[in-house]
Amino acid sequence: MSKNKIYLFVISILFALAGCSGSGGGNSDDTESETGITDTNFDSSDTVKDSDTTVTDLLTVGSPCTKDAQCADPGKPLCITDGLYPLASLASSENEASKGLAMLGVDLPEGYCSTVPTCATDADCGQGGTCFFPLKDVDEATYAGLVSALSLPADDASVLSSFLTYGQCLQSCKKDNDCKREGYECATPLGDFIGLVPGSDMSTFCIGAAATDSDTGSDTGVVDYCSPDPCDHGSCVNGASGYTCTCDTGYNGVNCDNNINDCNPDPCVHGACSDGVDSFTCTCDAGWEGVDCNTNTDDCDPDPCLHGTCSDGLDSYSCSCQAGWTGSDCSIEVFGCDDSPCLHGTCTDTTPGEYSCSCETGYDGINCDNNINDCNPDPCLHGTCSDGIDSYTCSCDTGWDGSDCDVPLTTECILTYNLVKGNGDNGDNYTGVNMRIRDTTASAGDGTWAIGPGTLIIRVPSDGGNNAAAGTAEVLYYENTQQFSVVTNAVGNLTVTTDVTAFSPTLDATGNSAAQATGTIALGTAPTITWDSCTFPSGYNSDKDSYTPDVVGTGPGCLAPYRSVGNVNCNDGALFASCSMGNLNDGDNAQDETWEQKLETLTFSSDLSSFSMPFMQVPNDSPSRTYVSWGGTLDSMVCQ
């Protein structure tokens, strides 16, 4: 859809939606409801007919009238006497875009029998009436996005939003001959606008025809919305019910009055951005250049190193000098052994300006100034190495012995944790095991639910005794019960009840000894387990539909196999939502999926008696994103 089409589409919805606040023009005693749709005051006294009018004389929908009591039931009869001007309530708006549309409407000459809005079906209308419900099949989320995009004042936006459920009883027709009243035609009310809304109802009704000049026959209802020109930086295109602006390059907005910020996002990688019109200028930080300040200035051009090789830095450089030269720019000549350059060795002059050093045991380097690090590579397998001169000393970790700390006293500890049922907090104060769902359609199913309990068994190294030590950590067994219900109110309740069990490798395999996922445990005041790599194909989580159990993860850090077995029941009792929106059948949906699960970092208390893990994303077949958090307490630790 082009930019002009989008503006016309959005403005047309504004025209139609505002109609909710003044449906049919109404009578002077109408009052505005909380939704923004105008309702007509009606009480039992309205049912009293003229002395010369009987019940059988009551007028059908679309008949001429002068007052409500002349019109037939059911519903609350309404005689529309001022025409159908849907935007009349916007005349008092302080927003110019809204105020300019206040006179848009359809004439209903000599009155028009109808029913007080809003209607949902023909049964809500008086005799002979059909419910004009133009947006009954329009997607709610799409419509809400269009309302938000208009950036109208809150009161105008409220009127706009309420039109999604608006209906007005009118006389339906197929052709102009069906409309017997003089001055009426068969057409779609506000058709130029609601016709641009995807899924709208374009049914036709008997409404007042546009007035014409008796001499020329030209339409006198056409308004030149482009005079005066509302487009600040663009060209105006007049339409049947409004205008659209084709903006000059660098501008946007309904009236092309907004200079697009070319500094958002900031193009200046290492500098400050100044916005122009369809342009920007970068003032680069020291050491950077280029249009986007993304080129490191070459401080080696021209070469400052007189007798050496230049290495560029950031707003700096360094020189690697040739033999016989020194100084920051390699401009100072070195005279061999005159300066006794060999700190731990014997100096020998070679060619002029050059020398060689014969180093003592334990030292190396051109000037024998480097104590060889006997701790690199580290000879202490389970301890801390202290370097000496041609020697080293190992200070062994608890549980290890030997000159290289390579003799274990015990090898491993098995830690069994009880996974604790969560608190279901939907913010950052969650604890225990929880299920969080995001990005559902119109956010109707978003939330956080408590799940659990369960079991997590981890294997870590021992310190040679009865304590855990740093090193490789492995998941041996995982099991978690997931039972919760999601209730969505969309004019009636849609309830999704989940009852599944997630486990690895198989259910009740608490004696398993094979690693299902590997990582590294680090000890301290807040011990952690960080997991090895677990990677997925590029774009696997590009949108809320893409990350499913069929996406394959690889790497030793993946918890695999990760299996989920059970049932999901969907009870569809809602008008504007359905089980199919979540790729579910109405009723039971058996679940049995297996995948490779990426884990988040586990953080423990200092004594390993409890732990927590932030939300990790798990795949699903519904159009949403799903996450699970862990939290548990230590049940037992056995070192062996």
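Worth a mention:
- Calculated SAXS-style log₁₀ I(q)/I(0) at q = 0.05, 0.08 Å⁻¹ - the chain, Debye, Cα scatterers: -0.49, -0.90
- Peptides ranked, highest mean first, by Cβ atoms within 10 Å: ranges 385-392, 497-504: 497-504, 385-392
- Solvent-accessible surface (1.4 angstrom probe) belonging to ASP586, in square angstrom, nearest 10: 110
- Length-normalised contact order for the chain - Cα pairs under 8 Å, 6+ apart - percent: 7
- For the chain, the longest principal axis of the Cα atoms and the long axis of helix 140-149 meet at an angle of about 80 degrees.
- Per-pair calculated FRET efficiency, R0 = 41 Å: ASN429 and ALA590 via Cβ, rounded to 0.05: 0.75
- Solvent exposure of segment 338-478, expressed per residue, is 51 Å² of accessible area, with all protein chains present and a 1.4 angstrom probe.
- Reduced Cα scattering model of segment 417-531, Debye log10 I(q)/I(0), q = 0.17, 0.21 Å⁻¹: -0.96, -1.17
- Estimated Rh, segment 302-362: Kirkwood, alpha-carbon pairs, angstrom: 12.8
- Note on segment 348-465: with neighbouring protein chains present and a 1.4 Å probe, carbon and sulfur make up 47 percent of its accessible heavy-atom surface.
- log10 of Debye I(q)/I(0), alpha-carbon scatterers only, for segment 510-605 at 0.26 Å⁻¹: -1.28
- A 1.4 Å probe over all protein chains sorts MET613, MET581 by accessible area into MET581, MET613, starting with the largest.
- Here the calculated FRET efficiency for ASP607 and SER279, from their Cβ-Cβ distance with R0 = 56 Å, stands at 0.35, rounded to the nearest 0.05.
- Given a 1.4 Å probe and the protein chains as shown, THR283 ends up with an accessible area of around 90 Å².
- Which listed pairs, of LYS67/LYS180; LYS67/LYS175; LYS421/LYS598, have C-alpha distances above 23 Å, in listed order: LYS67/LYS175
- Percent of Cα pairs in segment 236-352 per distance bin of 10 Å, from zero to the largest separation: 12, 21, 17, 14, 12, 9, 7, 5, 2, 1.
- With the highest mean first, a sort of the peptides 267-279, 109-121, 130-142 on other beta-carbon atoms found within 10 angstrom per residue produces 109-121, 130-142, 267-279.
- Taking label positions 7 Å along the Cα-Cβ direction at both ALA286 and THR510, the computed distance is 6.5 nm, reported to one decimal.
- In nm, spacing of pseudo-spin labels at ASP550 and ASP532 (7 Å Cα→C-beta vector): 2.9
- Rounded percent of accessible protein surface that carbon and sulfur make up, segment 488-640, 1.4 Å probe: 48
- Pairwise centroid distance, computed over Cα atoms, of segment 260-330 with segment 191-205, Å: 59
- Packing rank of 406-412, 176-182, where each peptide gets the mean count of other beta carbons within 10 Å, highest leading: 406-412, 176-182
- Average 1/r across all pairs of distinct alpha carbons in segment 119-271, invert it, and you get the Kirkwood radius: 19.0 Å.
- Full-stretch length increase - ASN264, ASP229 - with 0.36 nm per residue and alpha-carbon distance subtracted: 9.7 nm
- Relative to the Cα centre, the charge distribution of the chain, modelled as +1 at Lys and Arg Cβ and -1 at Asp and Glu Cβ, gives a dipole magnitude of about 2640 debye.
- Compactness check for segment 447-514: Cα Rg over 2.2 N^0.38 Å is 1.69.
- Estimated [θ] at 222 nm from DSSP helical runs (n ≥ 4, -39500 (n - 2.57)) normalised by residues in the chain, nearest 500: -2000 deg cm²/dmol
- Straight-line reach from LYS76: taking Cα to Cα under 12 Å and skipping same-chain neighbours fewer than 8 places apart, the aspartates and glutamates in range are ASP39, ASP43, ASP46, ASP68, ASP124.
- With respect to the chain, whose longest principal axis is taken over its alpha-carbon atoms, helix 3-18 is tilted by about 50°.
- Taking all protein chains together and rolling a 1.4 Å probe, CYS342 ends up with roughly 20 Å² accessible.
The values are calculated or read from the model by the stated rules, or taken from the named source; none is laboratory data. Bear in mind that the values here come from a model prediction, so they are computed numbers and not experimental data. Quick reminder, even Gly has a Cβ in these numbers, built from the backbone with ideal geometry, and neighbours come from all protein chains shown. SASA here: full protein model, heavy atoms, side chains in, ligands and nucleic acids out. Shrake-Rupley method; radii C 1.70, N 1.55, O 1.52, S 1.80 Å.
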